[in-house]
Structure formats: C-alpha cells, structure tokens
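Reviewing the structure listed below.
Just so it is clear, none of the values below were taken in a lab; they were calculated from the coordinates. These numbers come from a predicted model, not from an experiment. All Cβ positions, even for glycine, are placed from backbone atoms using ideal geometry, and neighbour counts span all protein chains on display.
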Amino acid sequence: MRWTNTKTLIENLICEKLKKRLNIYATSYNVSLGEQRRIWITLDNKEIFNVSSAHFLMEHDKLWEEVKRKISKPFPDCLYECFPEFVGEISDLDYSLLILEQRSIFNVERVYDALVQYPNFSIEEALSSENVIVQALAMIDKRLGKRRLKQLVFYTDTHPIVSKFYQIRCEVEGISVSNPLSN
C-alpha cells in the first residue's frame, strides 16, 4: 500500500481534537550506502516521535559494543546474560530489537509495518497488541471513547511512548491525569 493511502487511513482514525494538530510523516533518502527511511509525528508542528534507519543502525551498533564490553559469549547467549529480563519474551533474531525498543529506539521498518497494519485492527486488538507503536496509536484513536480512556490502567512497565500518547489524548480531552501508572 502506498504511504499516502496509509497516512489517510490513520488520519481518519485520529480523534477529532487532534485531527488538525497531529501529523504523521514518512520519507526515504537515497544515500551512498542505500536507502535511509525516517518516520516522525508532530503535534502542533513540534516533533513528538521520530525514528530513522540511520539512528537505529547507530544505536544497534552501540548495543553490540555494550554487550562486547560485558561478556565474550557468542550471540544470542551474550544477550541473554547481559539482559536476562527479556529471556523467553521473543525469538533470538528479534532479541536486540526488543532491547532497543525498551530504550525507545525503534526499527523504522517495524514502525512502518505497524502504521500500515494499524487501520485493520479493531480498537480492542490495538489496545492489547504487543507492538507498542500500535498501542500508542490506539491512545489517539477516535474509537477509544473518553469513558474508556478514563478507565485505562497502566503499569510501571508501560512503554513511555504509550504513556506519552495517553497523556496527550487526556490533555486534549480535558481529562486530568495525576499519575497514569499503577503498580
């Protein structure tokens, strides 16, 4: 699906109070090393979310340097030992992606895929998705009513991007949020 079609579908799902204030962008750059992609979201023309393939690759390399400094075991055992909190959470191939996502560093391809798939989800599927980008988009979705928005419960392990989009939505809806996180 073309980006313009995807963007239109997502924008049609944004709640009314954010519809003219929130924008989603995607672009590709041709550079000597190949194509680089960037996706960003603005609120009132201020960037609130940004992912790029160049930044992801740089942070991925930093993660491997961090792992090498800590341990000399081969992949994936080295990751399991350095980051035991993620053991059993995900397949070996995606282990480093999960670690980086917990640090709010996203693979632009996974974000793009989430954006393309999002309009096909029901609001219930979006809210319960394992993909934090899908969960974040659900926070600003018009299908999530104010009553249900008030009833949402977040835990201390809720991803910051989900909390951020939740707080933005509550702010525009006039819902006070003293502490969105529970234990």
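Okay, here's what the table says:
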{"item": "Charge tally in the Cβ shell below 12 Å around I39, where Lys, Arg are +1 and Asp, Glu are -1, I39 excluded", "result": "+1"}
{"item": "Estimated translational D of the stretch 1-69 in µm²/s (Stokes, Kirkwood radius over Cα pairs; 25 °C; 0.890 mPa s)", "result": "173 µm²/s"}
{"item": "Sequence ranges 142-149, 12-19, ranked by mean other-Cβ count within 10 angstrom, highest first", "result": "12-19, 142-149"}
{"item": "Among 117-125, 159-167, 129-137, the order from most to least packed when residues are scored by Cβ within 10 Å on average", "result": "129-137, 159-167, 117-125"}
{"item": "Cβ crowding within 10 Å averaged over residues, with 104-111, 54-61 ranked highest first", "result": "104-111, 54-61"}
{"item": "The stretch 104-183, dipole about Cα centre (Lys/Arg Cβ +1, Asp/Glu Cβ -1), debye to the nearest 20", "result": "400 debye"}
{"item": "Under 5 Å, built H, 5+ apart or other chain: amide partners of K142", "result": "I14, C15"}
